[in-house]
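Undergrad: Have a look at the structure that comes next, please.
The values are calculated or read from the model by the stated rules, or taken from the named source; none is laboratory data. The model shown is predicted, which means the values in this text are computed figures rather than measured ones. Methodologically, a virtual Cβ is constructed for each residue, glycine included, from the backbone with ideal geometry; neighbour enumeration extends over all protein chains shown. To get the accessible areas, we keep the full protein, side chains included, count just its heavy atoms, and leave off ligands, DNA and RNA. Shrake-Rupley method; radii C 1.70, N 1.55, O 1.52, S 1.80 Å.
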Amino acid sequence: MHADEGTTPSSRKAALAAFAGLPSEPGVPKPDPILVVDKVVRRFGGLTAVNVDHVEIQRGSITALIGPNGAGKTTFFNQLTGFDTADAGEWTFNGRKMNGVPAHKVARHGMVRTFQLTKALSKLTVMENMRLGAQGQRGENFFNALIPSLWRGQEDEITERAEKLLARFKLDAKSEDFAGSLSGGQRKLLEMARALMVGPELVMLDEPMAGVNPALTQSLLGHVKDLREQGMTVLFVEHDMDMVRDISDWVIVMAQGAVISEGPPDTIMSDPRVIDAYLGAHHDAPLSAEELEEQLHEAEAELQAEAEGTPASTKEAAE
Amino acid sequence: MDWTTIFVTTVEAAIGLETVVYALAAIGINIQFGYTGLLNFGQAAFLGVAAYGLAVTVATFGLPFWLGIVIGLIATVILAFLLGIPTLQLRADYLAIVTIAAAEIVRLVFRSVAFKDVFGGSDGRQGFSDGFYALNPFPRGEYGIGPIGFNERVLWILVVGWILIVLACLLVYLLMKSPWGRVLKAIREDEDAVRSLGKSVFSYKMQSLVLGGVIGCLGGFVYALGNASVQPDVFGTELTFYAYTIVILGGAARVLGPVLGAAIFWVLLVFIGNTLSELVAAGYITFMTTTQVGPVRFMLVGLGLVLLLIFRPQGIFGDKREIAIDAR
């Protein structure tokens with residue numbers, strides 16, 4: 001975390017500069033947002049899984065989305081990428097409205113996601129997995145498919161690009177193996193490499209470290225940082241706080257479907273709202289002097305409000 | 001024991017009309033199920049709609065043969081869209097439920113009294129194949145090698161049928177080597193992953209359903225023309241399930257799997273049936289009668305399939321490595 005400060009890459013500096021001086025408030029506006037989300041709501045029966053008022057993702061940064069289990073992170077991801085329909089709300093990607101756009105069109109616009117449970121296409125080879133990611137393939141049209149000369153050239157270009165990516169992800173030795181024969185970590189790498197074949201602007205990674213052994217974690221981290229180097233924006237969901245601190249430029253915290261806090265990674269975990277969300281608002285930790293004082297002020301304010309004739313209960317509801 | 005008859009009927013079964021019809025039906029299912037993972041349990045309806053499209057156009061309305069073929073093809077495509085549009089956006093099981101029900105609806109409409117004037121009720125339609133046999137280039141006579149032979153009508157339909165099989169296999173071969181086929185196989189593995197890579201899964205599933213239906217419907221034409229008649233009950237659910245059996249027997253997602261599967265399926269049925277009949281007639285088997293041979297041969301073929309699935313689950317042409325992946 002601190003070891004590489006001397007050699008901080010320029011993209012990281014740029015990203016950090018963009019976040020400098022931003023207040024740690026949920027929904028804080030960013031200087032150059034690639035993704036702007038407004039009032040997205042998703043209910044499952046009586047349960048409100050997602051209720052995000054406003055959130056912006058800074059272009060060219062690595063933004064982490066964290067939160068306790070059941071906070072609605074993955075559901076929120078599904079809304080944004082068209083895999084689930086939001087009940088209300090809208091969001092724009094590069095200024096283009098994306099609500100109601102089907103998943104495959106979201107991907108074509110440059111917003112590509114991976115999945116929490118890796119979706120390697122087991123009975124296709126690693127190379128075929130990669131080729132599938134390329135966009136605008138002439139051979140994917142039924143009639144063109146019958147005339148190989150129409151798509152051979154393009155296929156060779158795609159293969160070349162895929163080989164380069166596989167070499168970067170150290171999967172080149174496996175390129176003719178079935179994807180189903182890869183280990184869990186290799187599948188994560190393959191899924192990320194495949195997503196890059198689409199040529200995305202915004203890469204959305206759903207728990208990229210889940211089930212990856214520690215030896216591979218470092219290389220995965222390097223690859224995620226690399227995405228920012230190449231000018232892509234990364235939004236990822238993660239539980240591993242070490243990873244979040246290590247690579248993210250900005251952290252958004254969700255709890256019970258809502259964004260409760262935002263901020264730089266080194267201070268976000270000391271935010272009382274975040275501690276409350278993870279440990280519960282009334283966890284029985286001994287009170288610090290400031291907290292005691294704060295509670296005192298609250299009580300005083302309540303008393304005063306009551307004296308002025310405003311019932312305390314409505315104030316509580318407003319909170 | 002008349003081994004010559006057993007031998008002749010077995011060889012004739014290997015290349016005969018049933019094999020051709022079921023091979024075409026199975027090639028269609030192989031595209032849908034083997035490559036795309038779509039559970040179309042209504043393949044019988046696709047064959048039926050094509051066969052009746054031809055028969056009704058020619059026999060009921062007195063229109064030309066080629067128009068009948070065109071109408072049969074159009075009817076098949078319409079059926080594919082009718083089944084696909086409401087179900088292909090849903091989970092895989094919905095297509096299975098809807099297709100199996102639709103196939104029965106189609107069959108019951110064909111045999112209904114209300115439409116007897118059009119479809120001919122349970123007797124079906126006859127007298128529509130003259131246009132086809134008028135094109136027959138083979139002069140009257142018997143053709144064959146030694147005791148194995150067909151008359152000029154059977155030879156003509158078999159030649160046309162096998163040409164259709166070769167063309168269908170060539171089409172499948174070309175498509176499945178192409179990026180188009182790659183998308184289908186990827187959909188079979190995980191459609192959400194394919195969506196996340198910017199492909200319209202619905203559109204590809206629909207193309208697969210239509211293509212599989214159209215290839216299957218060629219089997220419907222061959223059946224109708226080969227028998228010079230159509231009856232509704234031919235297009236029952238067992239036709240679909242035999243076709244599935246054939247696909248699994250030959251090896252799913254293999255170009256030649258369905259063809260070899262169809263030949264083996266019918267050879268086994270005919271060989272076991274005739275051998276048992278001969279054994280019963282000759283008095284070697286005393287615990288059953290010749291009429292019981294029919295059901296027993298299906299039991300034995302079923303037993304054979306169970307053994308196949310235990311010892312060679314990938315089918316005859318399948319790739320063992322693929323099965324190993326599933327077991328992980």
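Undergrad: Search the range A:144-164 for residues being hydrophobic (A, V, I, L, M, F, W, C) and more than 9 Å from every other protein chain (Cβ to nearest Cβ), and hand back the single one that is nearest to residue A:191 (Cα to Cα).
TA: Among those that are hydrophobic (A, V, I, L, M, F, W, C) and more than 9 Å from every other protein chain (Cβ to nearest Cβ), it is A:162.
Undergrad: With respect to residue A:217, is the statement that it is more than 13 Å from the chain's Cα centre (by Cα), crowded, with 17+ Cβ neighbours inside 10 Å and touching a residue at least 24 places away in the same chain (Cβ under 8 Å) true?
TA: Criteria met by residue A:217.
Undergrad: With the structure loaded, tell me whether residue A:65 is loosely packed, with under 14 Cβ neighbours inside 10 Å and aliphatic (A, V, I, L, M) or whether it fails that test.
TA: Spelling it out, it is not the case that residue A:65 is loosely packed, with under 14 Cβ neighbours inside 10 Å and aliphatic (A, V, I, L, M).
Undergrad: Checking residue A:51 against (1) open to solvent by 70 Å² or more (accessible area, probe 1.4 Å); (2) more than 15 Å from residue A:253 (Cβ to Cβ); (3) not basic (Lys, Arg), which single condition isn't satisfied?
TA: In the conditions (1) open to solvent by 70 Å² or more (accessible area, probe 1.4 Å); (2) more than 15 Å from residue A:253 (Cβ to Cβ); (3) not basic (Lys, Arg), residue A:51 misses (2) alone.
Undergrad: Give me the pairs: first residue in the range A:233-252 and of a type in the set (Ser, Thr, Tyr), second residue part of a loop (DSSP other than H, G, I, E, B), beta-carbon distance under 8 Å, and six or more apart or on different chains, which are they?
TA: Final answer for the pair search is A:233/A:59; A:233/A:60; A:233/A:61; A:233/A:201.
Undergrad: Examine the range A:229-236 for a residue that is open to solvent by 90 Å² or more (accessible area, probe 1.4 Å), at pLDDT below 90 and not in a loop (DSSP other than H, G, I, E, B), and state whether such a residue exists.
TA: no
Undergrad: Can I ask one more? Being touching an Asp or Glu at 6+ places or on another chain (Cβ under 7 Å), under 30 Å from residue A:68 (Cβ atoms) and in contact (Cβ under 8 Å) with a residue 24 or more places away in the chain, is that true of even one residue in the range A:171-194?
TA: No: zero hits.
Undergrad: Taking the stated definitions as given, is residue B:138 outside any helix (DSSP H, G or I), among the hydrophobic types (A, V, I, L, M, F, W, C), open to solvent by 10 Å² or more (accessible area, probe 1.4 Å) and more than 30 Å from residue B:92 (Cβ to Cβ)?
TA: Yes.
Undergrad: Among the candidates A:243, A:254, which residue alone is touching a Leu at 6+ places or on another chain (Cβ under 8 Å), more than 14 Å from residue A:185 (Cα to Cα) and either assigned to a helix (DSSP H, G or I) or among the basic types (Lys, Arg) (or both)?
TA: It is A:243.
Undergrad: Looking at residue A:255, is it out of contact with any Asp or Glu (no Cβ under 7 Å at 6 or more places or on another chain) and away from chain B (no Cβ under 14 Å)?
TA: When the stated conditions are applied, residue A:255 passes them.
Undergrad: Which residue pairs have Cβ atoms closer than 9 Å, lie 6 or more positions apart in sequence or on different chains, and pair a first residue in the range A:90-105 that is open to solvent by 70 Å² or more (accessible area, probe 1.4 Å) with a second residue that is assigned to a loop (DSSP other than H, G, I, E, B) and of a type outside the set (Gly, Ala, Ser)?
TA: A:90/A:98; A:90/A:99; A:96/A:109; A:100/A:85; A:105/A:98
Undergrad: Another one. Could you grab me the full set of residues in the range B:211-249 that are aliphatic (A, V, I, L, M) and open to solvent by less than 30 Å² (accessible area, probe 1.4 Å)?
TA: Once the filter is applied, which keeps residues that are aliphatic (A, V, I, L, M) and open to solvent by less than 30 Å² (accessible area, probe 1.4 Å), the range B:211-249 yields B:211, B:215, B:222, B:224, B:225, B:228, B:230, B:239, B:243, B:246, B:247, B:249.
Undergrad: Considering only strands (runs of 3 or more DSSP E) fully contained in the range A:1-101, which possess at least 1 residues that are farther than 30 Å from residue B:201 by Cα and in contact with a strand residue (DSSP E or B) (Cβ under 9 Å, 6 or more places away or on another chain)?
TA: A:33-44, A:47-58, A:62-66
Undergrad: For the range A:197-250, enumerate the residues that are within 18 Å of residue A:13 (Cβ to Cβ) and in contact with a helix residue (DSSP H, G or I) (Cβ under 7 Å, 6 or more places away or on another chain).
TA: Of everything in the range A:197-250, those that are within 18 Å of residue A:13 (Cβ to Cβ) and in contact with a helix residue (DSSP H, G or I) (Cβ under 7 Å, 6 or more places away or on another chain) turn out to be A:224, A:225, A:228, A:229, A:234, A:245, A:246, A:247, A:248, A:249, A:250.
Undergrad: Which residues, taken from the range A:120-137, are open to solvent by less than 10 Å² (accessible area, probe 1.4 Å) and either among the charged types (D, E, K, R) or facing chain B (nearest Cβ under 7 Å) (or both)?
TA: Hits for the range A:120-137 are A:121, A:124, A:132, A:133.
Undergrad: For the condition among the hydrophobic types (A, V, I, L, M, F, W, C), touching a Pro at 6+ places or on another chain (Cβ under 9 Å) and open to solvent by less than 10 Å² (accessible area, probe 1.4 Å), what is the one hit in B:47, B:24?
TA: Every option except B:24 fails the conditions.
Undergrad: Can you confirm whether the range A:175-182 contains a residue that is at positive phi, outside any helix (DSSP H, G or I) and either among the basic types (Lys, Arg) or within 12 Å of chain B (Cβ to nearest Cβ) (or both)?
TA: no
Undergrad: Got a number for residues in the range B:182-193 being facing chain A (nearest Cβ under 7 Å) and either under 17 Å from residue B:32 (Cα atoms) or among the aliphatic types (A, V, I, L, M) (or both)?
TA: Number satisfying all stated conditions: 7.
Undergrad: Going by the structure shown, is residue A:296 outside the structural domain of residue A:193 (by TED's automatic domain parsing) and open to solvent by 50 Å² or more (accessible area, probe 1.4 Å)?
TA: yes
Undergrad: In this structure, does residue B:318 turn out to be within 14 Å of chain A (Cβ to nearest Cβ) and either within 14 Å of the chain's Cα centre (by Cα) or surrounded by 15 or more Cβ atoms within 10 Å (Cβ to Cβ) (or both)?
TA: Answer is yes for this residue.
Undergrad: Hey, another quick one. Quick test for you: out of B:267, B:259, pick the one residue that is over 30 Å from residue B:189 (Cβ atoms), in a helix (DSSP H, G or I) and in contact (Cβ under 8 Å) with a residue 40 or more places away in the chain.
TA: Answer to the check: B:267.
Undergrad: Applying the selection to the range B:167-181, what residues are at the interface with another protein chain (Cβ under 8 Å from one of its Cβ atoms), farther than 23 Å from residue A:133 by Cβ and open to solvent by less than 20 Å² (accessible area, probe 1.4 Å)?
TA: Listed by number, the list is empty, since nothing qualifies.
Undergrad: Can you pull out the residues in the range A:172-185 that are open to solvent by less than 50 Å² (accessible area, probe 1.4 Å) and either in contact with a His (Cβ under 8 Å, 6 or more places away or on another chain) or under 27 Å from residue A:78 (Cβ atoms) (or both)?
TA: Answer for the range A:172-185, where residues must be open to solvent by less than 50 Å² (accessible area, probe 1.4 Å) and either in contact with a His (Cβ under 8 Å, 6 or more places away or on another chain) or under 27 Å from residue A:78 (Cβ atoms) (or both): A:179, A:180, A:182, A:184, A:185.
Undergrad: Of (1) at pLDDT 90 or above; (2) open to solvent by 50 Å² or more (accessible area, probe 1.4 Å); (3) in contact with a strand residue (DSSP E or B) (Cβ under 9 Å, 6 or more places away or on another chain); (4) not hydrophobic (A, V, I, L, M, F, W, C), residue A:114 satisfies all except one. Which?
TA: Exception for residue A:114: condition (2).
Undergrad: On the basis of being farther than 21 Å from residue B:171 by Cα and either touching a Leu at 6+ places or on another chain (Cβ under 7 Å) or surrounded by fewer than 23 Cβ atoms within 10 Å (Cβ to Cβ) (or both), does residue B:82 make the cut?
TA: For residue B:82, the condition - farther than 21 Å from residue B:171 by Cα and either touching a Leu at 6+ places or on another chain (Cβ under 7 Å) or surrounded by fewer than 23 Cβ atoms within 10 Å (Cβ to Cβ) (or both) - is met.
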